[in-house]
1. Sort all Cα-Cα distances of the range C:42-130 into consecutive 5 angstrom bins from zero, then give the percent of pairs in each bin up to the one containing the longest distance.
2. Using only alpha carbon pairs under 8 Å that are at least six residues apart, calculate the relative contact order of the range B:262-346 and give it in whole percent.
3. Shielding of B:36-43 by partners, i.e. mean partner chain Cβ atoms within 10 Å per residue?
4. Kyte-Doolittle cut-off 0.5, length cut-off 24 Å along the helix's own axis using Cα: show which whole DSSP H helices in chain B pass.
5. What is the set of long-range amide H partners of C:A280 at a cut-off below 5 Å, with H atoms built 1.01 Å from backbone N?
6. ³J(HN,Hα) across the range A:261-274 via Karplus (A = 6.51, B = -1.76, C = 1.60, θ = phi - 60°), whole Hz, x for Gly/Pro?
7. Could you let me know the centre-to-centre spacing of the range D:197-219 and the range A:103-167, using Cα atoms, in angstrom?
8. With springs only between Cα atoms under 10 Å apart, run a GNM on chain A and tell me which of A:L33, A:L255, A:L162 wobbles the most.
There are 4 protein chains.
Amino acid sequence: MAEVQMVDADERRTLIAELEKYNFRVSSPDRPLFTKEPNSSMVPVLWKAGDIAEQLEQIGSRLKLQAGGARRTLQLSNPGLPYGTTPTFWVSIQYILPGEIATAHRHMASALRFIMQGEGADTTVDGEMYQINEGDLVLTPNWTWHDHEHKGSEPMVWIDVLDISLVRSCHAVFFEDFESARQTPNVIPDESYRRFGSGLMRPLRRPEPKKYSPLLAYTSAMSEEALRQAAGLDPDPYDDVILEYQNPLTGESALPTIGTRLQMLRPGTHTRAHRHTGSAVYYVVRGEGATIIDGRRFEWAKGDFLALPPWAVHEHLNTGQSEAVLFQVNDIPALEKLGFYREQPA
Amino acid sequence: MAEVQMVDADERRTLIAELEKYNFRVSSPDRPLFTKEPNSSMVPVLWKAGDIAEQLEQIGSRLKLQAGGARRTLQLSNPGLPYGTTPTFWVSIQYILPGEIATAHRHMASALRFIMQGEGADTTVDGEMYQINEGDLVLTPNWTWHDHEHKGSEPMVWIDVLDISLVRSCHAVFFEDFESARQTPNVIPDESYRRFGSGLMRPLRRPEPKKYSPLLAYTSAMSEEALRQAAGLDPDPYDDVILEYQNPLTGESALPTIGTRLQMLRPGTHTRAHRHTGSAVYYVVRGEGATIIDGRRFEWAKGDFLALPPWAVHEHLNTGQSEAVLFQVNDIPALEKLGFYREQPA
Amino acid sequence: MAEVQMVDADERRTLIAELEKYNFRVSSPDRPLFTKEPNSSMVPVLWKAGDIAEQLEQIGSRLKLQAGGARRTLQLSNPGLPYGTTPTFWVSIQYILPGEIATAHRHMASALRFIMQGEGADTTVDGEMYQINEGDLVLTPNWTWHDHEHKGSEPMVWIDVLDISLVRSCHAVFFEDFESARQTPNVIPDESYRRFGSGLMRPLRRPEPKKYSPLLAYTSAMSEEALRQAAGLDPDPYDDVILEYQNPLTGESALPTIGTRLQMLRPGTHTRAHRHTGSAVYYVVRGEGATIIDGRRFEWAKGDFLALPPWAVHEHLNTGQSEAVLFQVNDIPALEKLGFYREQPA
Amino acid sequence: MAEVQMVDADERRTLIAELEKYNFRVSSPDRPLFTKEPNSSMVPVLWKAGDIAEQLEQIGSRLKLQAGGARRTLQLSNPGLPYGTTPTFWVSIQYILPGEIATAHRHMASALRFIMQGEGADTTVDGEMYQINEGDLVLTPNWTWHDHEHKGSEPMVWIDVLDISLVRSCHAVFFEDFESARQTPNVIPDESYRRFGSGLMRPLRRPEPKKYSPLLAYTSAMSEEALRQAAGLDPDPYDDVILEYQNPLTGESALPTIGTRLQMLRPGTHTRAHRHTGSAVYYVVRGEGATIIDGRRFEWAKGDFLALPPWAVHEHLNTGQSEAVLFQVNDIPALEKLGFYREQPA
Ligand SMILES: [Fe+2]
Ligand SMILES: [Fe+2]
Ligand SMILES: [Fe+2]
Ligand SMILES: [Fe+2]
Ligand SMILES: [Fe+2]
Ligand SMILES: [Fe+2]
Ligand SMILES: [Fe+2]
Ligand SMILES: [Fe+2]
């Protein structure tokens, strides 16, 4: 049935035209629905730190920031797709000046922030306020109110990820502005951290598990220490040392649709190659190395971003003298829930 | 942020063009990512039984059936979408002559069949063979091998549903032909029915729950009796009498991504209106009535199909003298898993 | 540590006496806490139908039935235990005359009834009224209000099971009388049957899963048909044809602590022997056969009861010309939840 | 039915005697099965640190330690019970001299150790070796092999808890000695800590969740920091600041049957009173205070133990100048699984 050369191809093309007025179709001889394996139009892309810095400056000077409006944000765009960094999500880089505020709002898309540089912004998610600093991961799960204000003295840069393309594929986009510019934070700061931040002890009156983590911020100190401990385990054949940010109440991914991982490639590492469904974007936290994707080699260093298409064969190398650390975002939790996840050694 | 009139719209358009070579973008002033609520391009469509019969005959005479190749299938095509009956799935009507065989294969998309007419085909799913008859629902969950052979003496017509558009949105299409035309059926026929067909008693050695129902065929006798019993309950305000086919080991939907329901509207019924995310297609098993979708009235009768777009307000009427029964297919289980399901009274 | 001959046994005995005033102890040389495997004091017992009938009559004539008070109930008592039919539950046989009422109450212990003979009683559980007939299983899960009234014209006999010994072991006994003799039944009769009786289709608005089945009565018609279907599967090596009553929303046992099974031994059957933790009582619904427990043979026929101790090796034979059917009650679901279940071929 | 004065009490007593030979009984007028609420024979007991030290020394000098045999262990015995500290578990205090070894074994009972004093022992659980120090909680879940060796230079004292009475109530006691005195530890030390010790990040290839925590040791540093963070939350009305050790893969209690909690009462605290099913034992890690149990006041200080019976009303006071910290062991997870847990403000 897949990719079969149809003997009645001409008749089919005629029929497709005739049937259109009834809102009927027959299987097309030209664009078969099925392929033996994914044939993604997404392409691997490398974005270099230097280009990012330069263009962030460009848009900073040329775009106007309206109150609560469009932000100073550079979207990583995949040339193989009509929109998006991957088939399901957008990655953007946001540049925030001291004193800037993003007004409170919420959306059906799940989102997260990973701090590339700077410190001193506070962010409020469903009433809970956090201080966010370099290396922290902050979740803004779907339909949670969120806003932020940069109270530090130097510019900050962070990664914004939104599974907006997946939401759009389902025709389920919702967006709502909050009644005022910022939420009034709860009296208890860091409440979710105080309740669930140890990961190993919890309040007696456990909340009904939601689809997302009850912990809204994962600090760099925690994730780096976890990575250091994991370095004492047997290496993962495809990823060396790699950990997934998890929901401490369920052991599932921190967000229901977006997977977040932190990974260390030790000097000399050259991983085995594999492929899997799901698309990913890597951000190089530190170090330098290369990733070979479907036979093409991408050299990366601190501050670069790399996009990996679904089912593309990939392997990683650390080409430097010190450890390389990658933060990874993917849509694997969504694919697993739908039953579409599959992986294969290459 | 949503639908804001941007003061720097011209500059943004210039920048978008300039940034393209770096694979960067800025938010477009023309196609904002966010809308207040879903603004689906899918449109409601009614397909009439008469047109279906006529065009099935057309394609039957004009298309060639290759061995295991393209079948005599009429796809219900939504004019608001580039392809598909809804944003996530295709519904087709298949016409099968006595003696015809569909060769064994499997695919990542989940699929199901609901028998519109006829009897005597047997279908084999992962080695288990069933006789299928009018009103039965047969599952071919994702990546299960399936084939069928029509051993009866009269033509059969059935509904084929595939969540192929959802799989395509995730760039996760897989398809594989079996090594031979038909699977060798297991020695024990109806094995899953014998194990799980009562829904209320199960074998001692319970299998690990899979993402889909361990029961592969739901008979018309069972579903009609369940509907009769449910008619003694308080009516559902939006759907009168309605039941969901469930996985008897988990209480979840029978398939992980596709919801299947059977619904009875009793004479005189006019339900309350509501809307929800998720798209649906109704097939009229018997009776006659109307559905009002976003203010437009669609009159339906036995054998018709009706497509309901996401977030469209809808209400149902039975306009006949006897009960109307609708079989419904939707993508609500997928949306619930992703956290995108929401409903609202109108 | 287990069953070790202690060299300081005398000194220990002295110390145990001395330490008593401080509420301290040391490990006793006489009653070690640990044994290599369970060494249950429960003994296998066979109760014959004839004795049951005779003694039911005895107590019927000699005991007084107070309003809502003690019932005409014969408890199956295990001579190896201080009380109870097994270490965790009591099985009783209740004799109910036309017109008799059991007043409404509830208790922490889970309970069930299996109808041995007669028809026409109605029972009300948390407001839902059912007609109960021979071969039906009726649940009265823990802390649900229940009462019954026998509206038929002939006496009824049923089995009462209560996990009261398990509740007592945990010092968690609660009992409460309802404010009046009988509950006012809900307007909709058989509501849980109408909602969940098919096991395969469910209402759209699914309730939060409770620890017990949402279906409160399992009919003989359903269970017998399920058993007939299961007879087409490969036989279970230890039990021939056997099914467990399940919660259709979770696939778990119908009650959280008490397992209920229906089992058919076909003519000529002689099962393999095995043993497992958990205690069980069998009631012979029809047929005749024998069970060999730890080398001792118990011949049973219709109406008899047989108690099986934990970890006792057992095998079943059908010694008659027609099928034998056994209803079984056990505490295996409780043991599984606690992590204490284990089984082993003999 | 409960506690009803039976009019036929004499006749019942006669019948009970007569029916004994048939292994039948009728409800006793003397020891009714049901009470309105738990009427536990367990009594509250306070064990003072001074008595413990003195008697540990006594048994240390008078009992002989056999190889792998009985240890130098003082059991906390409840005078209201035939055996056990509570209806379901035993708490013991173990005194370990430098160089001592406990030989490897396993048992059906779940067990844990909480280090009261000292450092330098290593313990091996199912092949994983840990260094254990003061304030650490170490799990030896049911049927895991465990042994330990004290490699430090000063004596250690720790708490041993075993849910042996619950296992005995179910007649499911198993015990097995390992083939040699000590297990050969895995090559990777602290493996479960490296995999799950952060509680917030996990290896990609997540194991099938077991009934117990994949993390076998919870350090004092972690639990004390978690308690400090929780002190910033609203106080628990009955327990001030209290956290439960959890399984980081499921959010459930660390062991399936035994609950473990760490609790801080701040100076001046006097909690509200409540009661619940389930029994508990408190160990005073530091500070001083009092607990009022069913109207009786128990003054405690560092090193004391206090046993709380099921359904006893209790409230806590910190009577000192600094914070008091209590480690608590209970059987609440078992009761919750069985559906027997209930609580009530007093
Ligand atoms: Fe946002
Ligand atoms: Fe990978
Ligand atoms: Fe197919
Ligand atoms: Fe609807
Ligand atoms: Fe009762
Ligand atoms: Fe058995
Ligand atoms: Fe032990
Ligand atoms: Fe308490």
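The values are calculated or read from the model by the stated rules, or taken from the named source; none is laboratory data. Everything numeric here is computed off the predicted structure, so don't read it as measured data. Neighbour counts are summed over all protein chains in view; Cβ atoms, including those assigned to glycine, are modelled from backbone coordinates with ideal geometry. In case anyone asks, the SASA skips ligands and DNA or RNA and just uses the protein heavy atoms, side chains included. Shrake-Rupley method; radii C 1.70, N 1.55, O 1.52, S 1.80 Å.
1. 3, 10, 18, 23, 22, 14, 7, 2
2. So the answer I get is 46 percent.
3. That average works out to 4.
4. none
5. Those lying under 5 Å, H to H, from C:A280 are C:L308.
6. 9, 10, 9, 10, 10, 7, x, x, 5, 9, 6, 6, 8, 8
7. 28
8. A:L33
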